[in-house]
Amino acid sequence: MQREGWPEPGDLVVCTVDQVLDFGAFVTLDEYVDKKGFIHISEVASGWIKYIRDHVREGQKIVCKVLNVDKSKHHIDLSLKDVNEHQRREKIQAWKADLKAWKWLQMAYEGREDDLKRVKDALMKSYNSLYGALEETAISGEESLSDSGLTEEDIKIISRLAKENVKIPMVEISGYVDLRSFAPDGIEIIKKALKQAKRIRDKDATLEIKYVGAPRYRIKVIAPDYKHAEAALKKSAQAAIKYMEQHGGEGAFVREA
């Protein structure tokens, strides 16, 4: 999948090396239509370079940082040395995810090339990523596409693709509740308080409570994002503490560092 237009300075772009010369390398920008770039030898690697082909070779897939764009000359200056390994992996992963999303859209709109292009352009305008659009739809539902300019049919199709193909990313956080009861049936009160902690109504969050050591219990929450997880964790802890206090006990919440 390729997009129209030009990258911006500072963008990371996936490239294919076309030609390696003593003074630099010419590349094709895989994500853009008919866009070429150049990496000067000083931007290939840090330090002195004896053999440029020790660092780049024809046909190689690389991730570069855009340094400068001259639209009038149809010229793009790139840097390979300014991209660290973490950035490279993340960019390649995002690029591959977009390629998968593009294939899903192609299958969904098979034989409807005009609609396919229209939907692709609309999603790229709103999200700058096809996979990102599907991921947001999987997390937030069809409402996330309400301002995209797509038809109701398009939204239904994209929602179906998201549900069938996108695995919602999850985060995991933990905290502790310290529960104390001095009543004769204190153990039963604590057990019921922990049941209250598990009963919070949140279909998108998963809770797990484990005994750590008197009087401490660990609450682990898995949810789509940190804000959601934090809210579920606090709600769960508060439910246990409230029950304890209502039955003559006491409780305290401690967030895990």
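The values are calculated or read from the model by the stated rules, or taken from the named source; none is laboratory data. Keep in mind that this is a model prediction, so the values were computed, not measured. Here the Cβ positions follow ideal geometry from the backbone for every residue, glycine too, while neighbour counts run over all protein chains shown.
So Q196 fits all but one of (1) in contact with a Leu (Cβ under 6 Å, 6 or more places away or on another chain); (2) touching a residue at least 40 places away in the same chain (Cβ under 8 Å); what number is the exception?
(1)
Restricting region 183-222 to residues that are assigned to a helix (DSSP H, G or I) and in contact with a Gly (Cβ under 8 Å, 6 or more places away or on another chain), which is nearest to V171 (Cα to Cα)?
Start the filter on region 183-222 by keeping residues that are assigned to a helix (DSSP H, G or I), which leaves 186-198.
Going one step further and asking which of them are in contact with a Gly (Cβ under 8 Å, 6 or more places away or on another chain), we end up with 186, 189-190, 193.
On the way: G186: 34, I189: 31, I190: 28, A193: 25 Å.
Taking the candidates together, the pick is A193.
Can you find even one residue in region 164-171 that is assigned to a helix (DSSP H, G or I), under 30 Å from L145 (Cβ atoms) and not acidic (D, E)?
Here is the first cut: in region 164-171, the ones assigned to a helix (DSSP H, G or I) are 164-165.
Retained after the next criterion (residues that are under 30 Å from L145 (Cβ atoms)): 164-165.
With the extra rule that they be not acidic (D, E), the set shrinks to 165.
Yes, because at least one residue in region 164-171 is assigned to a helix (DSSP H, G or I), under 30 Å from L145 (Cβ atoms) and not acidic (D, E).
Listed here are the residues, each with its yes/no results for (1) hydroxyl-bearing (S, T, Y); (2) outside any strand (DSSP E or B); (3) closer than 23 Å to A101 by Cβ.
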site: P7; (1), (2), (3): no, yes, yes
site: V14; (1), (2), (3): no, no, yes
site: V17; (1), (2), (3): no, no, no
site: T28; (1), (2), (3): yes, no, yes
site: F38; (1), (2), (3): no, no, no
site: A45; (1), (2), (3): no, yes, no
site: I62; (1), (2), (3): no, no, yes
site: K65; (1), (2), (3): no, no, no
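Can you name every residue in region 172-182 that is of a type outside the set (A, V, I, L, M) and assigned to a strand (DSSP E or B)?
Narrowing region 172-182 to residues of a type outside the set (A, V, I, L, M): 172, 174-176, 178, 180-182.
The answer is E172, S174, G175, Y176, D178, R180.
Does region 224-234 include one or more residues that are surrounded by fewer than 19 Cβ atoms within 10 Å (Cβ to Cβ), free of Cβ contacts under 8 Å to residues at least 12 places away in the same chain and assigned to a loop (DSSP other than H, G, I, E, B)?
Scanning region 224-234, I find no residue that is surrounded by fewer than 19 Cβ atoms within 10 Å (Cβ to Cβ), free of Cβ contacts under 8 Å to residues at least 12 places away in the same chain and assigned to a loop (DSSP other than H, G, I, E, B), so the answer is no.
Taking L80, is it touching a residue at least 40 places away in the same chain (Cβ under 8 Å) and closer than 28 Å to E8 by Cβ?
Values: touching a residue at least 40 places away in the same chain (Cβ under 8 Å): yes; closer than 28 Å to E8 by Cβ: yes.
Against the criterion (touching a residue at least 40 places away in the same chain (Cβ under 8 Å) and closer than 28 Å to E8 by Cβ), L80 qualifies.
Among the candidates D115, D154, single out the residue that is within 19 Å of R3 (Cα to Cα) and either of a type in the set (D, E) or in the same structural domain as K203 (by TED's automatic domain parsing) (or both).
Result of the check over D115, D154: D115.
Name every residue in region 12-69 that is touching a Ser or Thr at 6+ places or on another chain (Cβ under 9 Å), without any contact (Cβ under 8 Å) to a residue 40 or more places away in the chain and of a type in the set (A, V, I, L, M), in order of residue number.
V44, I49
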